[in-house]
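Take a look at the structure set out below.
Rule-based calculations on the coordinates, nothing more; no lab input. Values in this document were obtained by computation on a predicted structure and should not be read as measured data. Neighbour counts are summed over all protein chains in view; Cβ atoms, including those assigned to glycine, are modelled from backbone coordinates with ideal geometry.
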Amino acid sequence: MIYDFDQEINPHGTNSVKWECVPSDNGLVPWDKTDPALGNDRVLPMWVADMDFCSPQPVIDALVERARHGIFGYAVPTERYYQAVVDWMARRHGWQVEPDWICTTPGVVPALYVLVRTFVAPGQKVLVQPPVYHPFYRAITDNGGEIVRNPLILEDGRYRMDFDDLAGKLADPNLKLAILCNPHNPIGRVWPADDLRRFGELCAEHDVLVIADEIHGDLILPGERFVPFASLGQDFARNSITCTAPSKTFNLAGLHTSNIIVPDDELRNRFRQALNASGLPWLNPFGITALEAAYAKGEDWLAQVLTYLNGNLDTLDSYLRERLPAVRLIRPQGTYLAWLDCRGLGLSEERLKQLMLDEARLLVEEGSIFGPEGEGFLRVNIACRRTTLVEALDRIATALAARASAPA
Ligand SMILES: Cc1ncc(COP(=O)(O)O)c(C=O)c1O
């Protein structure tokens, strides 16, 4: 089946976080479309990481059929569910997972909270590699942990890990956990196997457990290769816990269905006990149905969406080069997040944010929320119709031109 990602879909009235809410200092608040500051349909939301596209047709069909059944009581995954995950990991990523290793959770972020609580005592430390997905910070500090930063280095338009700094930080005996993000949100880097190996060997040497957040692991752009951390070998698998989900891949985040893969028996028992003690809900019947359909019949859609996203990146890249040369795209190798280096505009963080919201009328993520290393950058979600992307770029170009011609 050929999918049309240019199709316009009315998102209103769907309880969508992206289209019905705005982020504020008090968390998410309903989007008041009559507010002159936000306007009716005048702000384009390009922040929260989900797609403006419909999920694969086989997923929609399976959900409709499940809904028709009419009974929505408590649900648990069966062997078919676990086999779907096992087959997906083997087929897509060459990683042989045992069904027993899979622990289900209603999201990766809730799992990260439980993982920190399980493996890090209050006052102990957790390593992250900023700029990085900001909920990592809260998962650590809300559970009494201390953040240790191993900042990534931007060199010639590409980020790399700082292994010297990493080795020094891992040597602290109070550091218990390292969170690896692969592909890395917000910069879109897909870490090469050699880097993963070096990262894993250093962690093992210092007895530091690795949490590999691979939620974006299926969103690998053409020509790039993703290697699951735990697939590097038994030693890597035994010292790691991998977070996966079909949520980013197939635009199913609202169905809250994630799989945390823990090959080591002892680590898995501790995590399972902590999950039981956390009172988190079980999976929901729609999430189970959607995962099974997506992993069995969604590959055709996934190939097409990746091609479309790559086309969006080409459009973004050439637009910036031709019309906004002061803004540089750090081209992602995975994810649908574009990391824009706006330092060439010479604006303060506050001014950049104001320019985007008040003048360009765009809701994007300012880089500093991913750590101070992100200052001067913006994260833009490009999983939208190409016309929406071009409209967003036109808005930025117009806002900058107006600013340049305004009297000083
Ligand atoms: C790296 C990373 N981990 C986790 C999540 C969210 O996971 P979930 O919605 O399953 O809690 C996101 C969402 O953007 C993400 O980018």
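Observations on the structure shown:
- Burial ranking of peptide ranges 211-221, 9-19, 325-335 (average Cβ count within 10 Å, highest at the top): 211-221, 325-335, 9-19
- Dipole orientation for segment 176-223: of the candidates Leu196, Asn185, Val208, Asn185 has the Cα lying most toward the positive pole (charges on Cβ; Lys, Arg +1; Asp, Glu -1).
- Contact order normalised by residue count of the chain, Cα under 8 Å, 6+ apart, percent: 22 percent
- Under the span-like rule (Cα at least 27 Å along the axis, Kyte-Doolittle mean at least -0.5), DSSP H helices of the chain: 386-405
- Three principal axis extents of segment 222-336 based on alpha-carbon atoms, in descending order, are 55, 35, 26 Å.
- Percent of alpha-carbon pairs separated by more than 17 Å within segment 105-210: 51 percent
- Across all directions, the shadow cast by the convex hull of segment 1-118 built on its C-alpha atoms averages 11.9 square nanometres.
- For the chain, the 222 nm mean residue ellipticity estimated from helices alone, with every DSSP H stretch of n ≥ 4 adding -39500 (n - 2.57) and the total spread over all residues, rounds to -12000 deg cm²/dmol.
- Fraction of C-alpha pairs exceeding 17 angstrom in segment 44-92: 64 percent, rounded to a whole number.
- Whole-angstrom gap from segment 36-100 to segment 349-408, using each part's C-alpha centre: 30 Å
- In terms of overall dimensions, the C-alpha atoms belonging to segment 68-297 reach 57, 42, 30 Å along their principal axes, ordered largest to smallest.
- The chain: C-alpha pair distances exceeding 26 Å, %: 55 percent
- Averaged over residues, the count of other Cβ atoms within 10 Å places the peptides 168-175, 71-78 in the sequence 168-175, 71-78, highest first.
- Each Lys or Arg adds one and each Asp or Glu subtracts one; over the other residues with Cβ under 12 Å from the Cβ of Trp101, this totals -1.
- Candidates per trypsin sites (Lys or Arg not before Pro) in segment 38-139, loop by DSSP, up to 16 other Cβ within 10 Å: Arg42
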